[in-house]
1. Among the GluC sites (Glu not before Pro) within the range 188-232, which fall in a DSSP loop and have no more than 12 other Cβ atoms within 10 Å of their own Cβ?
2. Normalised by the number of residues in the chain, what is the relative contact order in percent for Cα pairs under 8 Å and 6+ residues apart?
3. How would you classify the range 181-232 from its alpha-carbon gyration tensor, with a ≥ b ≥ c the square roots of the eigenvalues: rounded for a/c under 1.5, else prolate if a/b is greater than b/c, otherwise oblate?
4. Taking 0.36 nm per intervening residue step and subtracting the Cα-Cα distance, what contour gain separates SER33 from LEU137 on full extension?
5. Would you calculate a helix-derived [θ] at 222 nm for the chain, using -39,500 (n - 2.57) for each DSSP H run of n ≥ 4 and dividing by the full residue count, to the nearest 500?
6. In nm, to one decimal, how far is the LYS174 label point from the THR212 one, both placed 7 Å along Cα→Cβ?
7. Using each residue's phi in the range 215-225, evaluate 6.51 cos²θ - 1.76 cosθ + 1.60 at θ = phi - 60° and report the 3J(HN,Hα) Karplus result to the nearest Hz, with x for Gly and Pro.
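Rule-based calculations on the coordinates, nothing more; no lab input. Nothing here was measured: the structure is a model prediction, and the numbers come from that model. Glycine also receives a Cβ, built like all others from the backbone with ideal geometry; neighbour counts cover every protein chain displayed.
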Amino acid sequence: MYFQHADSIWETFPELYAGMLFATGVDRVETPSLDQYFATADARLEGRMESDLPEIQAWRRTFSRMGLKPTQYRCAAESLLRRYRKERELPSIHPIIDLCNAVSLTFALPIAVFDLDYITGGIEVRHAKGDERFDTLAGEVEYPDPGEVVFVDEANAAHAWRWSHRQSGSSAVKPGTSAILIVSEALHETAPADLPRLIDAIAGELSAVGATIHGRDMLTSDNRRFEFQRTP
């Protein structure tokens, strides 16, 4: 299997940096302690809005360059931080999602988690043609506008659209999910240092609760494709 960005994405956003992690055995893990991540998020939000964070500002600029209003379509990390700032807690969804949401708050970066049983072949981040099928979390079917940035597999299923705005329900983590691909992307100045730390944090937590890490990588304009062998 693989994950990659189309050349057109790299040409438009050469500052992009992406962290990858492939793991199995997540069906047997329990949620680790997340207090440290919430504490860091509290400190980062002290006296300021999530939109003041450089990571979020970079995503806002990216959405503007895509022709999207950044206050109408927020990257997943900004939406999560916004909710946390208002409520000071997040709902428990699934041990893996709870972990990744907490880490996302700490680093102010979007983190997508894909159930590999529902991915055909691999994922490419590219501009939509408009015929890609997007299954919402509510069970409805939608189709992206041509030109939008989507995550698409070889069956033409869109697993995320408007780039980091919304993830599909078809490959979302659910009870029984065992093999996952975790993806986090960044475009801010310190992304080359921050994303390896983000991936290391998730890998360490997953390993500590019994999951198996099979591979990880950092994608840049010079290293554009992550390949991995799907295992039971």
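1. Loop-located and lightly packed - GLU189.
2. Relative contact order of the chain: 37 percent.
3. It comes out oblate by the Cα gyration axes.
4. 34.7 nm
5. My calculation for the chain gives -9500 deg cm²/dmol from helical runs alone.
6. Taking the simple label geometry, LYS174 and THR212 are separated by 2.4 nm.
7. Here the 3J(HN,Hα) series is x, 8, 6, 10, 9, 9, 5, 9, 9, 9, 9 Hz.
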